[in-house]
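Engineer: Mind looking over this structure? Questions follow.
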Amino acid sequence: MQQSFLSISPTAADEKALRIHYMEEKPENAKGLIIFLHGFSQFWYVWKPYMEHFSNKGFHIVAPDMRGFNDSDKPDAKASYDMKYLMRDVLELMRHCGYDKAILVGHDWGGSVVWELAEQHPEKIKAAIVVNSPHRGAYAANIRKNPLLNLRQILRSWYIYFFQLPYLPEWVMRCCDFAWLEHNFRSWARREDAFSDEEIERYKDALRKPGALTSTINYYRANTFGEFGMGVVRASMGKKKFEKIPVPSLLIWGDQDPPLDRRLTDDMEGFFSGTFKSVHISDGSHWVLQEHFDRVCQEIERFIDDEKVH
């Protein structure tokens, strides 16, 4: 496994070019590219066992630190973390690695990026595989038909709105040696051994880096009331429709996810014109990647084989 950096030209929100840090496994005669995208409070390291597993299956594997996280650059402007720039980073990484198309696998915010790319740039995506991140259209449709679900989801995702405040979220996250972060890892998990002390320390170290706390929280500040989040609001009011995703898509969902109700994934198949499959893991949480490594690998492999998207 080797680390590299990709330089990305400035966007309208950035003052200078950005360096994106990524880790890579590239076997000889690789049969295709898989890009793994992490979520909030983690970084490329969450995918380390998956990188090893799928590189052994013959795939070229890349796992970046998304902009603002760990060793990637951390632009100051909140607008730099808008979804359109997160998507652009992935497309630039794909091009940099020499591929026109790739299989994308994402969790949490990484999963949101995968859904958006599959809708807006399907010609670049061989398959979209998402773990515990609902499609925006399904989210909107389900809260529209169930006001109690909407209220319940607002309460479960209270931190999203707390993160809109300046300064205070950073202070709370940093307080008592990142006690809130550690609490979320340990209390949300269904298995006590989901995270080792060493793993949690790695995630803390990533957030200790200068600017990292503000950059990572800016994902919520830039998108909750930006085009991405307001698209959900408009769709829930019947004022926006989403294009159906034509690429083969797989949703893997840990049903015991504290911040995300499983009912947000109901009737998701209506938002896909290509193959759509969902797998629910009844005793998995938001951290299902750590809790059920073998099962998640098995489901991804089976889907890739069934859809012949090597």
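Engineer: Only residues in segment 284-300 that are part of a loop (DSSP other than H, G, I, E, B) count as the first member; pair them with residues that are hydrophobic (A, V, I, L, M, F, W, C), Cβ under 6 angstrom, at least 6 apart or cross-chain, and list the lot.
Structural biologist: SER285/TRP188; SER285/ALA189; HIS286/TRP188; TRP287/ALA189; TRP287/ALA194; HIS292/ILE281
Engineer: Is there any pair with a first residue in segment 143-171 that is free of Cβ contacts under 8 Å to residues at least 40 places away in the same chain and a second that is loosely packed, with under 12 Cβ neighbours inside 10 Å whose Cβ atoms are under 8 Å apart and which are 6 or more apart or on different chains, and what are they?
Structural biologist: PHE162/LEU168
Engineer: Just to be sure I understand the filter: pairs with C-beta atoms under 6 Å, separated by 6 or more residues or on different chains, first member in segment 74-89 and in contact (Cβ under 8 Å) with a residue 12 or more places away in the chain and more than 12 Å from PHE228 (Cα to Cα), second member assigned to a loop (DSSP other than H, G, I, E, B) and acidic (Asp, Glu). Which pairs pass?
Structural biologist: PRO75/ASP14; SER80/ASP14
Quick grid of which residues meet (1) under 17 Å from ARG186 (Cβ atoms); (2) modelled with pLDDT of 95 or more; (3) not β-branched (Val, Ile, Thr):
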{"residue": "ASP255", "(1), (2), (3)": "no, yes, yes"}
{"residue": "THR265", "(1), (2), (3)": "no, yes, no"}
{"residue": "GLY274", "(1), (2), (3)": "no, no, yes"}
{"residue": "SER278", "(1), (2), (3)": "no, yes, yes"}
{"residue": "GLY284", "(1), (2), (3)": "yes, yes, yes"}
{"residue": "VAL288", "(1), (2), (3)": "yes, yes, no"}
{"residue": "ARG295", "(1), (2), (3)": "no, yes, yes"}
{"residue": "PHE303", "(1), (2), (3)": "no, yes, yes"}
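Engineer: Scan segment 188-206 and give yes if some residue there is among the hydroxyl-bearing types (Ser, Thr, Tyr), surrounded by fewer than 10 Cβ atoms within 10 Å (Cβ to Cβ) and either assigned to a helix (DSSP H, G or I) or at pLDDT 95 or above (or both), otherwise no. Quick ask: steps written out before the conclusion?
Structural biologist: Looking only at segment 188-206, we keep the residues that are among the hydroxyl-bearing types (Ser, Thr, Tyr), and these are 196, 203.
Still in the list and also surrounded by fewer than 10 Cβ atoms within 10 Å (Cβ to Cβ): none.
Looking for residues that are among the hydroxyl-bearing types (Ser, Thr, Tyr), surrounded by fewer than 10 Cβ atoms within 10 Å (Cβ to Cβ) and either assigned to a helix (DSSP H, G or I) or at pLDDT 95 or above (or both), one finds none in segment 188-206, hence no.
Engineer: Look at VAL279 and say whether it is touching a strand residue (DSSP E or B) at 6+ places or on another chain (Cβ under 8 Å) and in a helix (DSSP H, G or I).
Structural biologist: no
Engineer: Can I ask one more? Collect the residues in segment 94-113 that are crowded, with 21+ Cβ neighbours inside 10 Å and in contact with a strand residue (DSSP E or B) (Cβ under 7 Å, 6 or more places away or on another chain), keeping them in residue-number order.
Structural biologist: Restricting attention to segment 94-113, the residues satisfying the condition of being crowded, with 21+ Cβ neighbours inside 10 Å are 94, 102-113.
Within segment 94-113, MET94, ALA102, ILE103, LEU104, VAL105, GLY106, HIS107, GLY110, GLY111, VAL113 meet the criteria.
Engineer: On the basis of being on the phi < 0 side of the Ramachandran plot, assigned to a strand (DSSP E or B) and surrounded by 21 or more Cβ atoms within 10 Å (Cβ to Cβ), does MET23 make the cut?
Structural biologist: Values: on the phi < 0 side of the Ramachandran plot: yes; assigned to a strand (DSSP E or B): yes; surrounded by 21 or more Cβ atoms within 10 Å (Cβ to Cβ): yes.
Against the criterion (on the phi < 0 side of the Ramachandran plot, assigned to a strand (DSSP E or B) and surrounded by 21 or more Cβ atoms within 10 Å (Cβ to Cβ)), MET23 qualifies.
Engineer: Taking segment 2-20 only, how many residues are part of a loop (DSSP other than H, G, I, E, B), under 22 Å from the mean Cα position of the chain (by Cα) and within 15 Å of LEU93 (Cβ to Cβ)?
Structural biologist: Summing the residues that are part of a loop (DSSP other than H, G, I, E, B), under 22 Å from the mean Cα position of the chain (by Cα) and within 15 Å of LEU93 (Cβ to Cβ) in segment 2-20 gives 1.
Engineer: On to the next question. Mind checking which residues of segment 19-59 are in contact with a strand residue (DSSP E or B) (Cβ under 7 Å, 6 or more places away or on another chain) and among the small types (Gly, Ala, Ser)?
Structural biologist: ALA30, GLY32, GLY39, SER55
The values are calculated or read from the model by the stated rules, or taken from the named source; none is laboratory data. All values reported here derive from a predicted model rather than from experimental measurement. Cβ coordinates were reconstructed from backbone atoms using ideal geometry, including for glycine residues, and neighbour counts include every protein chain displayed.
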